[in-house]
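A short worksheet on the structure shown next.
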Amino acid sequence: MLKVKTPKNRRVQRELEKRAPRLVEKGKKTLILQGTKTSNVLNTVLSEIYHLKRDNAIRYTRKNDSIRPFESGGETSLEFFSMKTDCSIFVYGSTSKKRPDNLVIGRTYDHHIYDLIEVGVENFKRMDSFTYDKKLAPQAGSKPFIVFSGEAFESVDELKHLKEVLLELLRGEVVDNLNLAGLGRVYVCTAISSNRVFLTHCALRLKKSGTIVPRIELVEIGPSMDFVVRRHRLPNESLRKEAMKTAKDKTHKKIKNVSKDALQGKLGKIYVPDQKLGEMVLPNKAKGVKRERREAKMKNSNNEPASKKQKEEDS
């Protein structure tokens, strides 16, 4: 029987609560690490990916010789680092004679490898090689647009998988409301062929168009590179079903005589019993009763003298 350890202090309990599964997950963190052999190009690619995602990313610069994706037993260290850093996306860089400038992008579920896709980096241009107005540089924490151009993203299985992984990697934290003033950059992914994708990072420049809607121009600010798809591994069907499960919404208890309307909002019915005014008991010192008595006395006092004069005339 396995022994269950409970946290001994409040600090450890808070850390465990942060890593516990939630009904609505927050932004996913990215783990960036490298293998035993890397090139200058690959080191620059990893550094610039970390620069673009520095708010939700962790970078390991030490060489890892025990990580071998797509091989049995070579993914244990990746799962350990995922659990240690609480990262659900990782980018692993390595180079070899057979696969130069190789990037492996993967996702984890419950700190186990969910899926993998391997791409080669070609025609890389770093941020420093682009000249543009520094006022257009995106601010830290800004949300990007992500554009996928090309029919191959819908017809080729490898590019479908790459599209899902790039969306998870680049979009950042999922939010409900968004300020349009904070949208100042866009990632453009163009499918050149069935196994090649061109990725570039652009800033948005707003210009006058003569109407309320401004004209938008794209200014390339880098980095840019070509991804050549080499290998990919999809999750098995049972793992996919388990990962796609969503918690059922709690059924709200029905409240009697309350309904909702699209225009008027929340409506309620109030039932009032019949008012039997004849059976109502009035208080003894009611103001209305006093006024009626006062008016009756004044009327009687006016009528009494007139009756005495009529009797004297008759006599």
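Here are a few things to note about the model shown:
- Cα-projected label distance for K254 with V175, points at 7 Å along beta-carbon direction, nm: 4.0 nm
- Convex hull volume of the C-alpha atoms in the chain, normalised per residue: 395 Å³.
- FRET efficiency, S96 to S66 (Cβ-Cβ, R0 25 Å, nearest 0.05): 0.95
- Excluding same-chain neighbours fewer than eight residues apart, no aspartates and glutamates are reachable from K276 by a Cα-Cα span under 19 Å.
- Filter on K134/K208; K63/K84; K84/K245; K37/K84; K98/K160; K5/K37 - keep pairs with C-alpha separation over 28 Å: K5/K37
- Label-zone membership for the range 77-113, site E15, 7 angstrom Cα→C-beta point, backbone N under 15 Å: 81-87
- With Cα atoms, 0 to 90° folded angle of helix 10-19 axis to the chain main axis: 80 degrees
- Bridging of K143 to aspartates and glutamates at a Cα separation below 19 Å is possible for E25, E48, D55, E164, E168, E173, D176, E217, E220, once same-chain residues fewer than 8 apart are set aside.
- Fraction of beta bridges assigned by DSSP in the range 139-212 that are antiparallel (%, nearest 5): 60 percent
- Calculated FRET efficiency, S39 to T131, Cβ-Cβ distance, R0 = 22 Å: about 0.30 to the nearest 0.05.
- Restricting the range 106-166 to GluC sites (Glu not before Pro) that sit in a DSSP loop and have at most 12 other Cβ atoms within 10 Å of their own Cβ leaves E151.
- By average C-beta atoms within 10 angstrom, highest first, the peptides 61-71, 264-274: 61-71, 264-274
- Positive-end extreme of charge dipole, the chain - chosen from L136, P7, T200 (charges on Cβ): P7
- Residue-normalised accessible area of the chain, expressed per residue, 1.4 Å probe, Å²: 74 Å²
- The range 131-235 - percent relative contact order, Cα under 8 Å, separation 6 or more: 28 percent
- Using distinct alpha-carbon pairs, which all enter the 1/r mean, Kirkwood radius of the range 1-118 in Å: 15.6 Å
- Electrostatic dipole magnitude of the chain [Cβ: Lys, Arg +1; Asp, Glu -1; Cα centre; debye, to 20]: 1680 debye
- Extension reserve of the E295-K5 stretch, reckoned as 0.36 nm per residue once the Cα distance is removed: 95.4 nm
- Beta bridges from DSSP with both residues in the chain: antiparallel share about 75 percent, rounded to the nearest 5.
- Those trypsin sites (Lys or Arg not before Pro) in the range 149-227 that DSSP places in a loop and that have at most 13 other beta carbons within 10 Å: K208
- Taking Cα atoms only, the orientation of helix 157-170 departs from the longest principal axis of the chain by about 60 degrees.
- Summary value for the chain: 14 percent relative contact order, contacts being C-alpha pairs under 8 angstrom separated by 6+ residues.
- Whichever aspartates and glutamates have a C-alpha closer than 15 Å to that of K163, once near sequence neighbours (fewer than 8 apart) are set aside: D115, E118, E151, E154, D226
The values are calculated or read from the model by the stated rules, or taken from the named source; none is laboratory data. What you see is a predicted model; the values in this text were computed from it and never measured. As a convention, Cβ positions derive from the backbone with ideal geometry for all residues, glycine included, and neighbour counts pool all protein chains shown. Ligands, DNA and RNA are excluded from the accessible area calculation, which covers all protein heavy atoms including side chains. Shrake-Rupley method; radii C 1.70, N 1.55, O 1.52, S 1.80 Å.
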